[in-house]
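**Q** I have a structure I would like to understand better, so I am pasting it below and will then ask my questions one at a time.
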Amino acid sequence: MEASNPYYEIMSATTAPETALNSSLDQIMGLEREYLLQNYSRYPLALHRGKGCYVYDLAGNRYLDLISGIGVNSLGYAHPRITKVIRQQAGLLLHSSNLYYHEYQGRLAERLAKASGLRRTFFCNSGTEAMEGALKMIRAHGNSVTPQKTEIISLDNSFHGRTLGAISITGQPKYRKDFEPLLPGARFVARNDVRALEAAVSSNTAGIVLEFIQGEGGIYPVSEEFARKARELADKYNALLVFDEIQCGVGRPGAYFAYQLVDPVIMPDVVLAAKPMACGIPLGAVIANEKAAATIKPGMHGSTYGGGPLACRVALEFFEILDELLPSINSVGGYFRMRLTELMRDFSFIKEVRGQGLMIGVELNFSCKSLVLDGIKQGLLFNCTHDTVLRFLPPYILTEEDVERAMSGLIKVLKNAQPPAA
């Protein structure tokens, strides 16, 4: 029996999923081996449909999704309000290009301005594209001051995307080494090392880029002191301060954005958003103040698909639902972290539980990649990041009942774990 959820309404019988399947897992894997670029290390699981916080494989087996498409499926699956909007808009207009206006892009930009405290938005299709837009703002700003103002400060252990520009400022050598030489001028400092940051920033610095909570790097927050110093130095040296909240923002931390969790708020010049905004439909955003926005003149940047009517209309509906869910994100997220922390009494190899809202990491003292497969066997989907951190990015509609279902499976996974001998 599926867990009840106060934020999820049962779909009518007319929307029941098609159950006749023509492909097996072996057939699917075989076709991919033959025809796809072999750049993904997938788990042996083919998903067919989803409902609420749960997904189902080809055989109808059910899994509690605690990774939600790496933080994308923010309202779970087949949410009735999102499904209704998609159907309506599909019958009207899917794409129009940015040669013309449509009725949803301006409304969504207004909604983002109110949520972020910044003024102007550029829409794209993904987080890494949003980062590229921010990098162009940084470079254009620097060039407007002096040709020597080209340096970009980023953090060790950071992750900002897969394009050449984004990996140029990603502070993990494993993502950079095969594609060098990269964008010149990137400098990396240790997270929360205020002295290192002060030493790195100079009159040649065009921008400082931070994840307020490092995601792929292992769910590590930036300290308030470090973030305030970044703001101070950006002002002192006339650099743009960019907060990459592609994973840690837009409701995930229990607020619209993670930078709003401190008081007084540390305002960036640019904040980047993407993953959860359109509930699985590609959409990214560069949200900027007037200073940063003024760097991009007509013809300097664009996107064929960015900000299309379908994605923008879905995102508007998402924000209406998000306002109702923010209290639950905080309370259920706190409950989940508490229950995970309790496991430290029984499993000495758990080093730390950390996170904010529904962005949670459990660090072990050994590589936990094999535990992901064990989780699948227990009907749980999560992933391993930074080699030793179990990462949980569940849908925002998660309930305490779902948490208890997760804990039951995780306890079994951890009991079967085989950490290295001391």
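**Q** Out of (1) within 30 Å of Val85 (Cα to Cα); (2) polar (S, T, N, Q); (3) not in a helix (DSSP H, G or I), what's the single condition that is false for Asn330?
**A** If we test Asn330 against (1) within 30 Å of Val85 (Cα to Cα); (2) polar (S, T, N, Q); (3) not in a helix (DSSP H, G or I), just (3) comes out false.
**Q** Consider Ile360 carefully, then state whether it is under 28 Å from Phe257 (Cβ atoms) and touching a Cys at 6+ places or on another chain (Cβ under 7 Å). Walk me through how you get there before you give the answer.
**A** On the way: under 28 Å from Phe257 (Cβ atoms): yes; touching a Cys at 6+ places or on another chain (Cβ under 7 Å): no.
The answer is no for Ile360.
**Q** Scan the stretch 153-202 residue by residue and report those that are within 20 Å of the chain's Cα centre (by Cα) and of a type in the set (A, V, I, L, M, F, W, C).
**A** If the condition is that a residue be within 20 Å of the chain's Cα centre (by Cα) and of a type in the set (A, V, I, L, M, F, W, C), then Leu155, Phe159, Leu164, Ala166, Ile167, Ile169 are the ones that fit.
**Q** If Gly161 passes every condition in (1) outside any helix (DSSP H, G or I); (2) within 20 Å of Val201 (Cα to Cα) but one, which one does it miss?
**A** Checking Gly161 against (1) outside any helix (DSSP H, G or I); (2) within 20 Å of Val201 (Cα to Cα), the one that fails is (2).
**Q** Can you run down the residue pairs with Cβ atoms below 7 Å, 6 or more apart or on separate chains, where the first is in the stretch 400-422 and surrounded by fewer than 19 Cβ atoms within 10 Å (Cβ to Cβ) and the partner is assigned to a helix (DSSP H, G or I)?
**A** Close Cβ pairs satisfying both conditions: Glu400/Val332; Glu400/Tyr335; Met407/Arg339; Asn416/Asp374; Ala417/Leu371.
**Q** Kindly evaluate Arg345 against the criterion of being touching an Asp or Glu at 6+ places or on another chain (Cβ under 9 Å) and either basic (Lys, Arg) or not assigned by TED's automatic domain parsing to the domain that holds Cys53 (or both).
**A** no
**Q** Go through the residues of the stretch 87-110 one by one and say whether even a single one is under 18 Å from the mean Cα position of the chain (by Cα), modelled with pLDDT of 95 or more and under 20 Å from Ala293 (Cβ atoms).
**A** No, the stretch 87-110 contains no residue that is under 18 Å from the mean Cα position of the chain (by Cα), modelled with pLDDT of 95 or more and under 20 Å from Ala293 (Cβ atoms).
**Q** Here is a list of conditions, (1) buried (at least 19 other Cβ atoms within 10 Å of the Cβ); (2) of a type outside the set (Phe, Trp, Tyr); (3) assigned by TED's automatic domain parsing to the domain that holds Val372, and Ala59 meets all of them except one; can you say which number that is?
**A** With (1) buried (at least 19 other Cβ atoms within 10 Å of the Cβ); (2) of a type outside the set (Phe, Trp, Tyr); (3) assigned by TED's automatic domain parsing to the domain that holds Val372 applied to Ala59, the lone miss is (1).
**Q** Additional query: Under 7 Å between Cβ atoms, which residue pairs at least 6 apart in sequence (or on different chains) link something in the stretch 86-111 that is on the phi < 0 side of the Ramachandran plot with a partner that is hydrophobic (A, V, I, L, M, F, W, C) and in a loop (DSSP other than H, G, I, E, B)?
**A** Close Cβ pairs (under 7 Å, with a partner that is hydrophobic (A, V, I, L, M, F, W, C) and in a loop (DSSP other than H, G, I, E, B)) amount to His102/Leu93.
**Q** Another one. Out of the residues in the stretch 322-353 that are among the aliphatic types (A, V, I, L, M) and either under 14 Å from Pro394 (Cβ atoms) or in contact with a Gly (Cβ under 7 Å, 6 or more places away or on another chain) (or both), state the one that is surrounded by the fewest Cβ atoms within 10 Å (Cβ to Cβ). Can you show your working first?
**A** Applying the first criterion (among the aliphatic types (A, V, I, L, M)) to the stretch 322-353 yields 322, 325-326, 329, 332, 338, 340, 343-344, 350, 353.
Now drop any that are not either under 14 Å from Pro394 (Cβ atoms) or in contact with a Gly (Cβ under 7 Å, 6 or more places away or on another chain) (or both), which leaves 322, 325-326, 329, 332, 340.
Details: Leu322: 20, Leu325: 21, Leu326: 16, Ile329: 25, Val332: 23, Leu340: 22.
Selected residue: Leu326.
**Q** Just to check your reading of the model, which residue among Val362, Val332 is within 28 Å of Asp387 (Cβ to Cβ), touching a strand residue (DSSP E or B) at 6+ places or on another chain (Cβ under 9 Å) and of a type outside the set (Phe, Trp, Tyr)?
**A** None of the others qualify; the one that does is Val362.
**Q** Among the residues of the stretch 152-162, which ones are crowded, with 17+ Cβ neighbours inside 10 Å and either out of contact with any strand residue (DSSP E or B) (no Cβ under 8 Å at 6 or more places or on another chain) or farther than 16 Å from Ala234 by Cβ (or both)?
**A** If the condition is that a residue be crowded, with 17+ Cβ neighbours inside 10 Å and either out of contact with any strand residue (DSSP E or B) (no Cβ under 8 Å at 6 or more places or on another chain) or farther than 16 Å from Ala234 by Cβ (or both), then Asn157, Ser158, Phe159, His160, Gly161 are the ones that fit.
**Q** Can you tell me how many residues within the stretch 29-56 are surrounded by fewer than 17 Cβ atoms within 10 Å (Cβ to Cβ) and either under 16 Å from Phe392 (Cα atoms) or hydrophobic (A, V, I, L, M, F, W, C) (or both)?
**A** Within the stretch 29-56, residues that are surrounded by fewer than 17 Cβ atoms within 10 Å (Cβ to Cβ) and either under 16 Å from Phe392 (Cα atoms) or hydrophobic (A, V, I, L, M, F, W, C) (or both) number 6.
**Q** Does Leu93 satisfy the condition of being surrounded by 14 or more Cβ atoms within 10 Å (Cβ to Cβ), over 26 Å from Gly254 (Cβ atoms) and of a type in the set (A, V, I, L, M)?
**A** Spelling it out, Leu93 is indeed surrounded by 14 or more Cβ atoms within 10 Å (Cβ to Cβ), over 26 Å from Gly254 (Cβ atoms) and of a type in the set (A, V, I, L, M).
**Q** Related question: Identify all residues within the stretch 148-170 that are within 17 Å of Phe226 (Cβ to Cβ) and among the acidic types (Asp, Glu); write none if there are none.
**A** Matches in the stretch 148-170: Asp156 only.
**Q** Still on this structure: For the stretch 368-417, name all the residues that are at pLDDT below 95, touching a strand residue (DSSP E or B) at 6+ places or on another chain (Cβ under 9 Å) and assigned to a loop (DSSP other than H, G, I, E, B).
**A** Cys368, His386, Ala417
**Q** Of all residues being of a type in the set (S, T, N, Q) and within 20 Å of Ala315 (Cβ to Cβ) in the stretch 236-282, which is surrounded by the most Cβ atoms within 10 Å (Cβ to Cβ)? Just the residue, please. Give the steps one after another, and end with the answer.
**A** Of the residues in the stretch 236-282, the ones of a type in the set (S, T, N, Q) are 238, 247, 260.
From the residues that got through so far, the ones that are within 20 Å of Ala315 (Cβ to Cβ) too are 247, 260.
Details: Gln247: 29, Gln260: 20.
Per the stated criteria, the residue is Gln247.
The values are calculated or read from the model by the stated rules, or taken from the named source; none is laboratory data. This structure is a prediction, so every number in the text was calculated from the model and none was measured. With ideal geometry, Cβ positions are generated from the backbone for all residues, glycine too; neighbour counts draw on all protein chains shown.
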